[in-house]
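Comments concern the structure below.
Rule-based calculations on the coordinates, nothing more; no lab input. Since the structure is predicted, the reported quantities are computational estimates derived from the model, not experimental observations. Every residue, glycine among them, receives a Cβ derived from its backbone with ideal geometry; neighbour counts consider all protein chains shown.
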Amino acid sequence: WKKIIHRLKRLPAKASVKIRTAIVDAISAARKAHNMEVVAQLRTALVEYHPDAAGGCKTAALEVLASHGDYDDEDDELDDDEEDDENQVDGDREGAVVEPADSGINGALCAEAVVLNSSLDGSVDVSRDEWIATVKKTRTISKMAALISSFAHKASAKLDKVEAESIALQDALEAWDKNSSLRNKKSPQNIRDPTEVFAVVSWRDEFCLAKVEDYPWWPARKCTPKDEKLASTLESLERTLVALVGESGSLRIVKKDAVVPFSETPPEEDLSKHSRDIRNQLDDCMAMARRIIRGNMKKKKSKGKKAEMNGVKDEEMS
């Protein structure tokens with residue numbers, strides 16, 4: 001996401017469509033990295049967007065980048081494929097058609113449409129606060145009806161998915177608990193782990209490598225359930241919740257022995273049995289995890305230096 005936002009420095013404020021697209025892409029990248037703090041901050045920056053005045057939106061996004069240590073070229077671990085992508089982007093920019101000053105659809109309605117059409121699950125991923133603000137500003141029955149219709153349509157699908165994944169988690173926990181309490185230990189049932197589950201969790205800064213299904217060792221972020229009963233049950237069953245890097249939304253539940261500390265070199269395994277697409281995704285996600293970890297370390301060092309400086313100032317004043 002840092003690389004995407006950094007590119008905004010090369011865009012003029014009048015390139016409103018490109019600015020909005022870049023921020024949307026950055027939100028998507030931050031979400032895949034499970035960096036919800038950045039997602040929330042970029043959402044706030046996107047609220048400043050207006051088709052005829054995107055300068056404020058651009059400035060707000062760059063301020064988010066600066067608050068997270070800015071963009072360092074050393075963090076850019078480009079392989080040959082990524083360099084080709086960069087060249088393609090530059091080529092597209094050189095040959096791009098200049099946006100007309102007036103496309104005929106610019107106006108206040110465009111900004112409202114962004115909020116309406118992306119209320120819950122759109123590409124812009126508008127936040128809860130933006131939704132509430134839009135509803136409060138509504139002055140006509142027709143617009144309120146459109147908002148309610150959009151909300152009901154998108155919320156229904158989202159809630160169905162959450163419910164299904166919550167049930168999958170509970171069913172799996174009950175089956176594992178029953179299996180572990182069987183007196184006849186010689187013939188325990190072979191219970192397959194659910195593919196995706198839902199739970200209310202706290203995102204930890206600790207990254208690991210997790211073995212999920214038939215995939216290779218994959219970078220993941222550890223999660224702690226906010227429900228104490230669920231946390232206790234998982235502990236007793238020797239399982240934990242993780243969020244795979246590059247996968248947005250759902251969580252995975254894995255055995256503790258299928259989780260190892262994050263390392264630059266994953267456990268040895270034969271990757272040739274996996275498709276090239278899977279191997280490329282793994283390389284991208286490993287690079288993403290390394291960048292996040294380095295960014296977190298820089299942020300901690302920065303906070304430590306500020307604390308030291310404040311301590312010195314306090315001593316001087318005393």
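How high is the FRET efficiency from Arg10 to Ala40, r the C-beta distance, R0 30 Å, rounded to 0.05?
The value I calculate is 0.75.
How many angstrom lie between the C-alpha centres of the range 243-276 and the range 209-233?
With the range 243-276 and the range 209-233 each reduced to a Cα centre, they are spaced 10 Å.
Provide the per-residue ³J(HN,Hα) series for the range 263-270, in order, calculated from phi with Karplus coefficients 6.51, -1.76, 1.60 and θ = phi - 60°, each as a whole number of Hz, with x at glycine and proline positions.
Per residue, the Karplus-derived 3J(HN,Hα) values read 9, 4, 10, x, x, 5, 7, 7 Hz.
Can you order the peptides 274-282, 254-262 by their average number of other Cβ atoms within 10 Å per residue, highest first?
Ranking, from highest mean packing down: 254-262, 274-282.
Suppose each label sits 7 Å from its Cα in the direction of the beta carbon; what would the Asp205-Lys303 distance come out to in nanometres?
About 0.5 nm separates the two model spin labels.
Name the long-range amide H neighbours of Glu206: under 5 Å, sequence gap of 5 or more, or other chain; modelled H, no Pro or chain starts.
Those lying under 5 Å, H to H, from Glu206 are Lys222.
Quick one: 3J(HN,Hα) in Hz for the range 273-281, Karplus 6.51/-1.76/1.60 with θ = phi - 60°, rounded, Gly and Pro as x.
Values per residue, Gly and Pro as x: 6, 9, 5, 5, 4, 5, 5, 5, 4 Hz.
How large is ³J(HN,Hα) for each residue in the range 23-40, as worked out from phi by the Karplus curve 6.51 cos²θ - 1.76 cosθ + 1.60 (θ = phi - 60°), to whole Hz, x for Gly and Pro?
Result, rounded to whole Hz: 5, 4, 5, 5, 4, 4, 5, 5, 5, 4, 7, 6, 9, 5, 5, 5, 4, 5.
For a protection proxy built on the mean count of beta-carbon atoms within 10 angstrom, sort 12-23, 221-232 highest first, please.
The densest-packed peptide leads the list: 12-23, 221-232.
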